[in-house]
Amino acid sequence: MPNTIFATGINGLVGSHFRDAYAETYNIVSLDVADPTNPVDITQPDQVLKALSSAEGKYVLHLAAFTNVTEAWKQNGDTNG
């Protein structure tokens, strides 16, 4: 199998394009709450650690994004996730 990478937001706009372009180059392990088979909430450390221990990978690619700009600005400085 190709090199394994972990990726957040792999089901989103940018992530899905990355996945489509590199699916044959990398084994992409999803760290995405929207993943239909293995959802991972990246705000929950125990879920992230469990997912990271599921495969041998050296890299985490962070592609998750909050796409509602207005709401994002409202939450500026919110450290509670």
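Just a few scattered comments:
- Where labels lie 7 Å past Cα in the beta-carbon direction, separation of residue 56 and residue 14 in nm: 3.0
- Report note on the peptides 41-51, 3-13: ranked by the mean count of other C-beta atoms within 10 Å, highest first, their order is 3-13, 41-51.
- Relative to the dominant Cα principal axis of the chain, helix 13-22 is inclined by about 10°.
- Structure-based [θ]222 nm, the chain - -39500 (n - 2.57) summed over DSSP H runs of at least 4, per residue, nearest 500: -8000 deg cm²/dmol
- With all protein chains kept in place, the per residue accessible area of the chain amounts to 75 square angstrom at a probe of 1.4 angstrom.
- Zero-based 5 Å bins, Cα pair distances in the chain, whole percents: 3, 15, 23, 24, 17, 10, 6, 2, 0
- Of the chymotrypsin sites (Phe, Trp or Tyr not before Pro) found in the range 34-75, those in coil by DSSP whose Cβ has at most 10 other Cβ atoms within 10 Å are 66.
The values are calculated or read from the model by the stated rules, or taken from the named source; none is laboratory data. Keep in mind the model is a prediction, meaning the values are calculated, not measured. Counting neighbours? That spans all protein chains shown, and the Cβs are built from the backbone with ideal geometry, glycine included. Just the protein is used for accessible areas: all its heavy atoms, side chains included, with ligands, DNA and RNA removed. Shrake-Rupley method; radii C 1.70, N 1.55, O 1.52, S 1.80 Å.
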